[in-house]
1. Restricting to the range 363-414, give me the number of residues that are closer than 15 Å to residue 345 by Cα and part of a strand (DSSP E or B).
2. Of all residues in the range 1-25, count the ones that are part of a loop (DSSP other than H, G, I, E, B) and closer than 27 Å to residue 230 by Cα.
3. Taking the conditions exactly as written (under 23 Å from the mean Cα position of the chain (by Cα), assigned to a strand (DSSP E or B), at pLDDT 95 or above and closer than 30 Å to residue 402 by Cβ), does residue 28 satisfy them or not?
4. Does residue 28 satisfy being closer than 22 Å to residue 174 by Cα, more than 12 Å from the ligand (Cβ to nearest atom) and surrounded by 21 or more Cβ atoms within 10 Å (Cβ to Cβ)?
5. Would you check if there is a residue in the range 143-157 being out of contact with any helix residue (DSSP H, G or I) (no Cβ under 8 Å at 6 or more places or on another chain), assigned by TED's automatic domain parsing to the domain that holds residue 32 and at pLDDT below 95?
6. Out of 303, 337, 317, 308, report the one residue that is at pLDDT 95 or above and closer than 20 Å to residue 168 by Cα.
7. In this structure, does residue 201 turn out to be modelled with pLDDT of 95 or more and within 24 Å of residue 429 (Cα to Cα)?
8. Somewhere in the range 431-439, is a residue surrounded by fewer than 20 Cβ atoms within 10 Å (Cβ to Cβ), part of a strand (DSSP E or B) and touching a strand residue (DSSP E or B) at 6+ places or on another chain (Cβ under 8 Å)?
Ligand code: S3P
């Protein structure tokens with residue numbers, strides 16, 4: 001089967017009610033934490049994407065059994081010292097930065113050398129941001145350059161650290177938090193704001209943690225080496241995957257969409273705040289709390305009169321994975337939108353900021369990029385007629401999906417390559433587009 005998609009027309013208006021698959025960040029965290037719990041954990045609605053399947057394969061390599069039951073995954077942990085590691089173990093994190101970084105935190109006490117590898121895109125990413133703090137615990141990490149492959153040999157006597165997480169990266173923060181769980185005594189992390197799923201799961205599992213929220217940072221203290229019990233968890237829908245459908249609906253005349261059971265934790269909803277400021281019609285209904293996470297049904301309507309935004313930097317972390325589609329809304333809004341300090345986007349699965357700018361320019365949107373700041377000159381009459389080929393984007397799943405949304409919202413004839421990239425985070429993406437009325441070749 002061809003590994004590209006052809007889209008030749010805009011989507012017709014729709015009025016639908018859908019469910020989006022489980023949150024990727026929470027799914028990976030549940031797998032890793034269940035692998036260190038005592039007993040059998042049950043995880044319902046686990047996202048079955050490659051990043052999560054690679055997480056399951058990883059814990060299997062570490063001697064932890066899992067089974068897929070009818071509607072949940074069962075993971076049998078043996079506590080904090082329960083990994084059984086063979087000589088010459090190689091862990092392949094595939095495309096997943098979250099898995100690769102978080103697992104290193106759990107391996108700071110391993111007494112055998114483990115090699116960590118990944119696909120081409122992951123191998124190019126920055127692991128020094130993780131090896132630096134983990135070395136402070138006493139772990140040995142052997143990096144050739146900044147990326148993969150790397151090797152880790154833990155320490156028998158990890159020591160707690162004080163660490164300032166300056167990037168606002170949840171992956172760095174969480175890797176240090178997981179290392180703290182394997183370390184006796186109190187680890188203190190001063191962390192720039194980022195998604196807090198690890199903190200909420202720790203609280204839920206009664207792992208000793210205190211979080212003091214300050215204006216710019218959170219001060220997190222973890223008391224380590226306390227075993228915790230297995231758990232049951234029902235993973236809510238992923239707002240990052242939902243964002244493609246939110247934006248498509250905002251941009252599609254006379255359309256309406258309800259997405260049920262989505263995680264709307266406010267460390268993840270930067271996209272909603274940004275789009276509402278741009279006049280988008282989005283409502284959360286049926287809001288509820290699930291183990292500290294906020295869940296809601298999201299109601300979206302076609303939004304006329306979209307206006308530009310001077311996007312406050314405070315949203316950069318909580319919208320980090322959603323900027324690509326936010327740029328599409330900016331392209332169709334009245335006025336010039338400004339986004340600042342988006343350098344982290346170039347450190348994702350691809351140099352995402354640069355590629356997004358190239359795609360916007362390709363479709364005739366005026367964009368000025370200076371350093372890591374963007375000005376997008378919106379045009380409410382944007383309507384495409386030409387042919388566009390999207391390729392060479394390092395198989396970045398979010399670039400693929402952004403391109404599909406641009407095609408369906410703005411028109412034109414599109415050939416978008418590397419369809420299988422969606423398997424990293426959202427294998428059901430095309431099926432969900434079908435559900436709202438797209439027919440693809
Ligand atoms: C993630 C954190 C973010 C995000 C990634 C998932 C996580 O990365 O981009 O898709 O699950 O912790 P950073 O923490 O590197 O910003």
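1. Of the residues in the range 363-414, 4 are closer than 15 Å to residue 345 by Cα and part of a strand (DSSP E or B).
2. Residues in the range 1-25 being part of a loop (DSSP other than H, G, I, E, B) and closer than 27 Å to residue 230 by Cα: 3 in total.
3. Spelling it out, it is not the case that residue 28 is under 23 Å from the mean Cα position of the chain (by Cα), assigned to a strand (DSSP E or B), at pLDDT 95 or above and closer than 30 Å to residue 402 by Cβ.
4. no
5. So the first thing to find is which residues in the range 143-157 are out of contact with any helix residue (DSSP H, G or I) (no Cβ under 8 Å at 6 or more places or on another chain), and the list is 144-145, 151, 153-157.
Those left that are additionally assigned by TED's automatic domain parsing to the domain that holds residue 32: 144-145, 151, 153-157.
After this cut, where a residue has to be at pLDDT below 95 as well, the list is 144-145.
Checked the range 143-157: at least one residue is out of contact with any helix residue (DSSP H, G or I) (no Cβ under 8 Å at 6 or more places or on another chain), assigned by TED's automatic domain parsing to the domain that holds residue 32 and at pLDDT below 95.
6. Working: 303 fails: closer than 20 Å to residue 168 by Cα; 337 fails: closer than 20 Å to residue 168 by Cα; 308 fails: closer than 20 Å to residue 168 by Cα.
Exactly one residue qualifies, and that residue is 317.
7. No.
8. Looking through the range 431-439, none of the residues is surrounded by fewer than 20 Cβ atoms within 10 Å (Cβ to Cβ), part of a strand (DSSP E or B) and touching a strand residue (DSSP E or B) at 6+ places or on another chain (Cβ under 8 Å).
The values are calculated or read from the model by the stated rules, or taken from the named source; none is laboratory data. Just so you know, these numbers come straight off a predicted model, no measurement behind them. As a convention, Cβ positions derive from the backbone with ideal geometry for all residues, glycine included, and neighbour counts pool all protein chains shown.
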